[in-house]
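> There's a structure below that I have some questions on.
Taken together, the values in this text are just the output of simple stated rules run on the coordinates, not laboratory data. All values reported here derive from a predicted model rather than from experimental measurement. No Cβ is skipped: glycine too gets one built from the backbone with ideal geometry, and neighbour counts run over all protein chains shown.
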Amino acid sequence: MNTIYRTVDKDRIDMSVIEEAASVIKAGGLVAFPTETVYGLGGDALLPESSKKIYEAKGRPSDNPLIVHIAEFDDIEKIVESVPEAAKILADKYWPGPLTMIFKKKPIVPDETTGGLDTVAVRFPSHPVARWLIRSSGGYIAAPSANISGRPSPTSGEHVRQDMDGRIDMIIDSGNCDIGLESTIIDMTGDVPMMLRPGYVNEQMLESVIGEIEKDPAVFGKADANAVPKAPGMKYRHYAPKGQLTIVSGDNDSVVGFIREKTEKKDKDIRVAVLCCSADSARFPDADLVGDIGSRDDELQIANRLYALLRRCDEENIDQIYSEEFDTPGLGLAIMNRLIKAAGHSIINV
Ligand code: AMP
Ligand code: MG
């Protein structure tokens, strides 16, 4: 398949490109598009065939449900049974924005889109290109992240091209995403809202407007191994680079000392990368690649660089990656959640 590639400036949107992309979606095709979190791989959420194509293009298991993106709050009524009061409050505060809420679905939403569940995940993104595209395509775009399943999510048009060229109809490139980590997911179907995936909208931001929430113990690592995660996608390995990633935890000097020794003693045929904050970036002279993730005081920058650095490790054929911890106050839970998954839970305490 020949993939149409277009760039759009988000501050001066070329509506002819939006119309072109919308006609692809309405005809049952797939378009990758920018959002404020990561790039999405979009198809018409109400067409079962489109959702099937999304799973195929990503190589993603079809029991892993898709998020439905809307561009007007009132459009939610057509796809969900009811919107609880707490969800209205959250929508009022954080929509449009990087928050996904789960509701009981109406029959119009096909099983192919929800992975057979009777619930649907809904997000109202703030990115102007996403909003115009959703609106012009009929109002409901199903979109997971626009990466090959298991790889880090794309945070630039170039990342999308690496994974999706030749596999989908069209890519809209608007440069780098502002946040760089996927949306927060919260399930609004129970008595107490339950966070299924941490993101930019963190626990404190949610609790400050709706009071106490729960966190899915299976997702946040507190439950026994047999617990079934509420978010089906959470059981799959995610966000992973090709090399083996290990997180090194402990006080900063011990962590640096441990990683430094690993890079000094490494076998010369093994390519080793280090992910670290700027302050430590000159401390690993023997590493094949030092991924400077930014200042510890700038957590948005850390979030923003994480996936690009993991992809960079793949480009540089890195075999082994050691990462510092980035447990920052606001976004730390989201950053570490992605890093731990990318590491397949491989953590060394020093
Ligand atoms: P992605 O689109 O790659 O950001 O992944 C979407 C995530 O949303 C997946 O991990 C899904 O498991 C989760 N998700 C989507 N719909 C639902 C739903 N109805 N119930 C629970 N989790 C959902
Ligand atoms: Mg994804």
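> Under 10 Å, Cα contacts only: if you run a Gaussian network model on the chain, which one of Val219, Val80, Val17 comes out with the highest mean-square fluctuation?
Looking only at Val219, Val80, Val17, the largest GNM fluctuation is found for Val17.
> HN-Hα J couplings of region 36-50 from phi, Karplus 6.51/-1.76/1.60, θ = phi - 60°, integer Hz, Gly and Pro as x?
Couplings: 6, 8, 9, 6, x, 10, x, x, 5, 5, 9, 9, x, 4, 5 Hz.
> Report the local net charge at Ser183: Lys and Arg +1, Asp and Glu -1, summed over other residues whose C-beta lies under 14 Å from its C-beta. Write out the running numbers ahead of the final one.
On the way: positive: Arg123, Arg197, Arg338; negative: Glu36, Asp178, Glu182, Asp187.
Taking every Cβ under 14 Å from that of Ser183, the sum is -1.
> Please list 3J(HN,Hα) in residue order for region 253-258, calculated via the Karplus relation 6.51 cos²θ - 1.76 cosθ + 1.60 where θ = phi - 60°; whole Hz, with x for glycine and proline.
Here the 3J(HN,Hα) series is 5, 5, 4, 4, x, 5 Hz.
> Using a 10 angstrom cutoff on alpha carbons, build the Gaussian network for the chain and name the most mobile of Pro241, Pro217, Pro154.
Result for the chain, Cα springs under 10 Å: Pro217 fluctuates most.
> Separate question: Return the lysines within reach of Lys88: Cα separation strictly under 17 angstrom, same-chain partners fewer than 8 residues apart disregarded; answer none if there are no such residues.
Lys78, Lys104, Lys105
> Could you list which residues have their amide H under 5 Å from that of Gly291, counting only those 5 or more apart in sequence or on another chain, with H placed in the peptide plane?
HN-HN under 5 Å from Gly291: Val274, Leu275, Cys276.
> Out of residues 5 or more away from Thr119 or on other chains, whose amide H comes under 5 Å of its own, with H placed 1.01 Å from N in the peptide plane?
Lys105
> Once R0 is set to 35 Å, what does the formula 1/(1 + (r/R0)^6) return for the Cβ-Cβ distance between Lys341 and Lys93, expressed as a FRET efficiency to the nearest 0.05?
0.80
> Can you list the HN-Hα couplings for region 157-163, worked out from phi with the Karplus curve (6.51, -1.76, 1.60; θ = phi - 60°), rounded to whole Hz and with x for Gly and Pro?
x, 5, 4, 5, 4, 4, 8
> Suppose a student asked you for the relative contact order of region 55-108, using Cα pairs under 8 Å spaced at least 6 residues apart; what percent would you report?
Numbers: 22 pairs, mean separation 22.2, N = 54.
That works out to 41 percent.
> Hey, what number do you get for the chain at 222 nm if only DSSP H runs of n ≥ 4 count, each worth -39500 (n - 2.57), divided across all residues, to the nearest 500? The partial results should precede the final answer.
Details: 10 runs with 103 residues, N = 350.
Mean residue ellipticity, 222 nm, calculated: -8500 deg cm²/dmol.
> With only Lys, Arg, Asp and Glu charged, each at its Cβ (+1 for the first two, -1 for the last two), find how big the charge dipole of region 123-224 is about the Cα centre; round to the nearest 20 debye. The partial results should precede the final answer.
Details: 9 positive and 15 negative charges, 75 e Å.
Value, rounded to 20: 360 debye.
> Relative to the Cα centre, what is the charge dipole magnitude of the chain, using +1 at the beta carbon of each Lys and Arg, -1 at the beta carbon of each Asp and Glu, and rounding to the nearest 20 debye? Could the numbers behind the result be given before it?
Numbers: 40 positive and 55 negative charges, 145 e Å.
For the chain, the charge dipole is close to 700 debye.
> Residue farthest toward the positive end of the dipole of region 26-96, with Cβ of Lys/Arg at +1 and Asp/Glu at -1: which of Ala86, Ala71, Leu30?
Value computed over the given set: Leu30.
> While we're on this one: Can you tell which of Met170, His159, Ala121 lies farthest toward the positive end of the dipole of region 104-183, using +1 and -1 charges on the Cβ of basic and acidic side chains (Lys, Arg; Asp, Glu)?
Ala121
> Of Met170, Met205, Met188, which has the largest mean-square fluctuation in a 10 Å C-alpha GNM of the chain?
The residue that fluctuates most here is Met205.
> Give the cross-link partners of Lys266 among the aspartates and glutamates, using a straight C-alpha distance below 13 Å as the criterion and excluding same-chain residues fewer than 8 apart.
By straight Cα distance, Lys266 reaches Asp286, Asp288, Asp319.
> If you put +1 on each Lys and Arg Cβ and -1 on each Asp and Glu Cβ, how big is the dipole of region 94-178 around its Cα centre, in Debye rounded to 20? Before the final figure, lay out the partial values.
Values: 9 positive and 9 negative charges, 71 e Å.
Charge dipole, region 94-178, about its Cα centre: 340 debye, nearest 20.
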